[in-house]
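**Q** One structure follows; several queries about it will come next.
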Amino acid sequence: MTGDEIGRLVYLVLLASVIVGYFLMHNRNRLGQAAQQAAVWGLIFVGVIAGIGLWSDIRQNVAPRQTVFAEAQRIEVPRAPDGHYYLTVQVNGVPVRFVVDTGATDVVLTREDADRIGIDPAKLGYMAQARTANGVVQTARVRLDEMRLGPVVDDGVRAFVNGGQMDDSLLGMAYLNRFSRIEFAGSRMILTR
């Protein structure tokens, strides 16, 4: 331990001694009840410390995140609790959350995501159509300047903006086929360029 760490430890011990001393003096007539209250507060304190220590594990289970291995040009994507795989891709420098959809042909942006990356959905001509589970929707063809997923960068990617309502942008096979290998292992999808 360094001198600063020892000084902090001494300070914390003195502070704890003062608090415990005050607590005992204030409750000297009711020491049984005071001990019970102290035990409850001690357990709460230990629970909070344990929660902080385990937060990264808890967060990974509740909201799993993609992992990028730059040297291997590999991206591992955990399956979300809803059973889907979600990827956050930098599109024109803006992070966009996509649901990976192997049943979709193309990259399809929601109107909101298109607006966030600098494409005005109101100025697009929705001339194309796409067949979805919800029926036929109008789409507008666009070209994305850059899609960046960790070390993987693609320029001039063809995409569509959905003219209808859609919860998440879709990452379809036109983009996924750019990877040399797509595999599913356990609850992870692994993309290798």
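Quick note: the coordinates plus some simple rules give every number you see, no bench work behind them. Remember, predicted model here, so these are calculated numbers, not experimental data. Neighbour counts run over all protein chains shown; Cβ positions are idealised from the backbone, glycine included.
**Q** With θ set to phi - 60° and the Karplus curve 6.51 cos²θ - 1.76 cosθ + 1.60, what are the ³J(HN,Hα) couplings of the range 14-22 in order, to the nearest whole Hz, using x for Gly and Pro?
**A** 5, 4, 4, 4, 5, 5, 5, x, 4
**Q** Gain in length, residue 116 to residue 131, computed as 0.36 nm per residue apart minus the alpha-carbon separation, to one decimal in nm?
**A** Gain on stretching residue 116 to residue 131: 2.9 nm.
**Q** Can you list residues from other chains, or at least 5 along the same chain, whose modelled amide H is less than 5 Å from the amide H of residue 98?
**A** 87, 88, 89
**Q** Connecting C-alpha atoms closer than 10 Å in a GNM of the chain, tell me which of 124, 144, 170 has the biggest fluctuation.
**A** 124
**Q** Put a dot 7 Å past each Cα toward the Cβ at residue 141 and residue 158; how far apart are the dots in nm?
**A** Label at residue 158, label at residue 141, 0.6 nm between them.
**Q** Please find the FRET efficiency linking residue 54 to residue 26, where r is the Cβ-Cβ separation and R0 is fixed at 41 Å, and quote it to the nearest 0.05.
**A** That gives a FRET efficiency of 0.75.
**Q** Rounded to the nearest whole Å³, what is the per residue volume of the convex hull around the Cα atoms of the range 3-62?
**A** 87
**Q** Moving on to the next point. Residue by residue through the range 91-106, which ³J(HN,Hα) values in whole Hz follow from phi under the Karplus form 6.51 cos²θ - 1.76 cosθ + 1.60 (θ = phi - 60°), with glycine and proline marked x?
**A** So the Karplus estimates, Gly and Pro as x, are 10, 6, x, 10, x, 10, 8, 10, 8, 6, 10, 6, x, 8, 7, 10 Hz.
**Q** Between residue 192 and residue 16, what length comes free when the chain is fully extended (0.36 nm per residue of separation minus the Cα-Cα distance, one decimal in nm)?
**A** Going from the current span to full extension adds 58.0 nm.
**Q** Run the dipole for the chain about the Cα centre, Lys and Arg Cβ at +1, Asp and Glu Cβ at -1, nothing else charged, and hand back the magnitude in debye, nearest 20.
**A** 300
**Q** Just need the relative contact order of the chain here, percent rounded to a whole number, with Cα pairs under 8 Å and 6+ apart.
**A** 21 percent.
**Q** Once fully extended, how much extra length lies between residue 167 and residue 39, figured as 0.36 nm per residue of separation less the alpha-carbon to alpha-carbon distance?
**A** Length difference between fully extended and current span is 41.3 nm.
**Q** So, one more: Cβ under 14 Å from residue 174's Cβ, residue 174 left aside: what net charge do those residues give with Lys, Arg +1 and Asp, Glu -1?
**A** +1
**Q** Which one, 164, 86, 132, projects farthest toward the positive side of the charge dipole computed for the range 67-192 from Cβ point charges (K/R +1, D/E -1)?
**A** Projecting each Cα onto the dipole axis, the largest value belongs to 132.
**Q** Related question: Can you give me the distance in nm between label points at residue 177 and residue 92, each placed 7 Å from the Cα along the Cα-to-Cβ direction?
**A** Spacing of the two 7 Å Cα→Cβ label points: 2.5 nm.
**Q** Normalise the Cα radius of gyration of the chain by 2.2 N^0.38 Å (N = residues in it) and let me know the number.
**A** Normalised by 2.2 N^0.38 Å, the Cα Rg of the chain equals 1.65.
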